[in-house]
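Following: one structure in structure tokens, then a few remarks.
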Amino acid sequence: MAPMIEDRAADGAVITGKTPRKPALYNNVNEEELQAAASKYLANYGTKFEKDIVTGSKGLHVYTANGHRVLDWTSGQMSCLIGHGHPEIVRTIHDHAENLDHLFSGMLSPPVINLAKRLTSVLPEGLDKAFFLSTGGESNEAAIKMAKMYTGNFEVVGLGASWHGVTAQALGTQYHFGRKGQGPLMPGMHMLPPPNAYRSIFRKPDGSYDWETELDYGWDLIDRASCGSLAACIVECIQSSAGMHVLPPGYLKALKKHCEKRGMLLIVDEAQTGVGRCGDLFAINHEGVVPDILTLSKTLGNGLPLSAVITSSEIERACTERDFCFYTTHVNDPLPASVGDKVLEIVLRDNLVENSRSMGLHLQAGLQKLKERYGCIGDVRGRGLMAGLEIVGDRETKEPAIDLARRVASKMYELGLWANLSSHSSFSGVFRIAPPIVITKEQLDQGLEIMERAFQLTDGTMPLY
């Protein structure tokens, strides 16, 4: 690990062994008034708001109006890859906000060209052309449209428990949450079984996960349901919203072969896994698979709204000839593009992919120790600095224990650690862990100690010794 990773762990400044100061922007707010205003004026958008109001973020921490300092082990919404308030990102935003912020969508600018050049130069051949949007859902929407135009077909395959966004086509390809209450979704959408090694009913005689049979079975069902117009399959290399499920080794290669057999394109959504999060610069590198279209978001912008669609020169050429259009107000905006270019520069310069890989091994070892100590931990999974910890009431039956998971999560937060609890009814409570990849061993141990303490202090965690 490069020394500068240790030096810049919290916010990019040299602060080894020190606690970053709370940002002063909202130091004197009235929390009671803000809570009342939130209740009166903010509309629901599908989530329950957390109880505290956050007034600052710096490095690996967030700060609340009531003075609570919390380790952020989800990088915001899995996005602040190199920490909150990184000084180089702050300078980049300032310089471009002052001098080159937003343009007419047909105008080009240096940061957009530079980001496209840097990004495609570190991706495999066949991912040669890029354009930039605002959100992950937007990039997946564009990728699906591109696949439909290129193939001339319209049916799209997604994986069970996936999450690709809330726009029409992206929502139609995800099978986790948000599909109800709006009438018919996009036509021609099909689902493969979710590759859940912990809970799948597909098992070999020795009890191990038989993903090959499960995948073949899923495609057999799709072939029966298809009207003969299959265009694309979209997949995440780690299904985060589903509970941090890693695709089994060989799964992505097999999926691509299934697509090629049917004349379909393979779209890989690396919203959360991209730019070093999983111990490789991109998760596709781990399997040596080159998709037809790659989408990035979240980590690329370090918390700013930035996403990317990258494809081959041939697909781009054909779609251009067929009048492909995904023209938005913020397509190829210079300010967010400048941030994405700076994020890539920092990740490559500071050897943060290697840090993610080595710290990920340390994290997994720490989580496995917790599993050895507490019977309520049914499964530990993940790769790099992207991990899942599943809570159950019984290891044999894998009975969900969502209430227990919520009580553990509450205690973790009280003690100063935020690890998002995914508690959808399709599985038991899963802690989704994805700290900034600048994290040090010392900071990882601090978070693991808090987790250990939370399990100790919560009734029902079933201590084993």
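Output wanted: per-residue J couplings in Hz (rounded whole) for the range 102-108, from phi through Karplus 6.51 cos²θ - 1.76 cosθ + 1.60, θ = phi - 60°, x for Gly and Pro.
Along the range 102-108, the couplings run 9, 9, 3, 5, x, 8, 9 Hz.
Which of the pairs Lys58/Lys298; Lys48/Lys298; Lys257/Lys342 have their Cα atoms more than 24 Å apart in this structure?
Lys257/Lys342
Can you pull the percent of the range 91-350's accessible area that's carbon plus sulfur, 1.4 Å probe, other chains left in place?
Result for the range 91-350: 56 percent of the exposed heavy-atom area is carbon or sulfur.
Send over a whole-number figure in Å² for the accessible area per residue of the chain, probe 1.4 Å.
Details: 20250 Å² over 465 residues.
In whole numbers, the chain has 44 Å² accessible per residue.
Which listed residue (Ala142, Asn99, Val122) has the Cα farthest towards the positive end of the charge dipole for the range 91-350, taking +1 on Lys and Arg C-beta and -1 on Asp and Glu C-beta about the Cα centre?
It is Ala142, whose Cα lies furthest towards the positive end.
With an 8 Å cut-off on Cα pairs and a minimum separation of 6 or more residues, tell me the relative contact order of the range 91-350 in percent.
This gives 31 percent for the range 91-350.
What is the magnitude of the charge dipole of the range 332-465 about its Cα centre, with +1 placed on the Cβ of each Lys and Arg, -1 on the Cβ of each Asp and Glu, and no other charges, expressed in debye to the nearest 20?
140
If I take every Cα pair under 8 Å that is 6 or more residues apart in the range 238-291, average their sequence separation and divide by the length, what percent do I get for the relative contact order? Each step should come with its number before you reach the end.
Details: 36 pairs, mean separation 16.6, N = 54.
Rounded, it is 31 percent for the range 238-291.
Give the residue from Leu247, Leu42, Pro305 lying farthest towards the positive end of the charge dipole for the chain; charges sit on Cβ (+1 for Lys and Arg, -1 for Asp and Glu) and the dipole is referred to the Cα centre.
Leu42
Going by amide H atoms built from the backbone, whose H comes under 5 Å of the H on Tyr374, apart from near neighbours?
Amide H to amide H, under 5 Å and 5 or more residues apart or across chains, Tyr374 pairs with Leu464.
Determine the relative contact order of the chain: mean sequence separation of Cα pairs under 8 Å and six or more apart, normalised by residue count, in whole percent.
The value is 20 percent.
As a test, work out the antiparallel percent of DSSP beta bridges whose residues both lie in the chain, rounded to the nearest 5.
65
Apply the Karplus curve 6.51 cos²θ - 1.76 cosθ + 1.60, θ = phi - 60°, to the phi angles in the range 282-296 and return the couplings in whole Hz, x for Gly and Pro.
Values per residue, Gly and Pro as x: 9, 5, 5, 5, 4, 9, x, 10, 9, x, 6, 9, 10, 10, 10 Hz.
Can you give the helix-only mean residue ellipticity at 222 nm for the chain, where every DSSP H stretch with n ≥ 4 adds -39500 (n - 2.57) and the sum goes over all residues, rounded to the nearest 500 deg cm²/dmol?
One gets -11500 deg cm²/dmol as the mean residue ellipticity at 222 nm.
Run the numbers for Ile113 and Glu414: contour at 0.36 nm per residue of separation, minus the present Cα-Cα distance, in nm.
Length gained, Ile113 through Glu414: 103.8 nm.
Can you list the chymotrypsin sites (Phe, Trp or Tyr not before Pro) in the range 52-113 that are in a DSSP coil and have 15 or fewer other beta carbons within 10 angstrom?
Those satisfying the criteria are Phe104.
Which residues does the label zone of Cys227 cover in the range 169-195, counting backbone N under 13 Å from a point 7 Å along Cα→Cβ?
Only 186-190 pass the distance filter.
Let me spell out the model: positive unit charges on the Cβ of Lys and Arg, negative unit charges on the Cβ of Asp and Glu, origin at the Cα centre of the range 161-285. What dipole size does that give, in debye rounded to 20?
Computed charge dipole of the range 161-285: roughly 200 debye.
Name the residues whose placed amide hydrogens come within less than 5 Å of the amide hydrogen of Ala308, ignoring near sequence neighbours (fewer than 5 apart) on the same chain.
Leu133, Leu296, Ser297
Sequence-distant or interchain residues sharing an amide H contact under 5 Å with Asp101, placed H: which?
none
List the lysines whose Cα sits under 16 Å from the Cα of Lys398, skipping any in the same chain fewer than 8 residues away.
Within the straight-line limit of under 16 Å, Lys398 reaches these lysines: Lys371.
Taking the Cα centre of the chain as the origin, how large is its charge dipole in debye, to the nearest 20, when only Lys and Arg (+1) and Asp and Glu (-1) carry charge on their Cβ atoms?
Dipole about the Cα centre, nearest 20: 440 debye.
Output ³J(HN,Hα) for the range 48-57: one whole-Hz value per residue in order, computed from phi by the Karplus curve 6.51 cos²θ - 1.76 cosθ + 1.60 with θ = phi - 60°, and x for Gly and Pro.
So the Karplus estimates, Gly and Pro as x, are 8, 5, 5, 6, 9, 9, 7, 10, x, 8 Hz.
The values are calculated or read from the model by the stated rules, or taken from the named source; none is laboratory data. Quick caveat, the model's predicted, so the values are computed rather than measured. When we count neighbours, we look across all protein chains shown, and the Cβ atoms used for this are built from the backbone with ideal geometry, even at glycine. The protein model used for the area step is the full one, side chains on, heavy atoms only, and it has no ligands, DNA or RNA in it. Shrake-Rupley method; radii C 1.70, N 1.55, O 1.52, S 1.80 Å.
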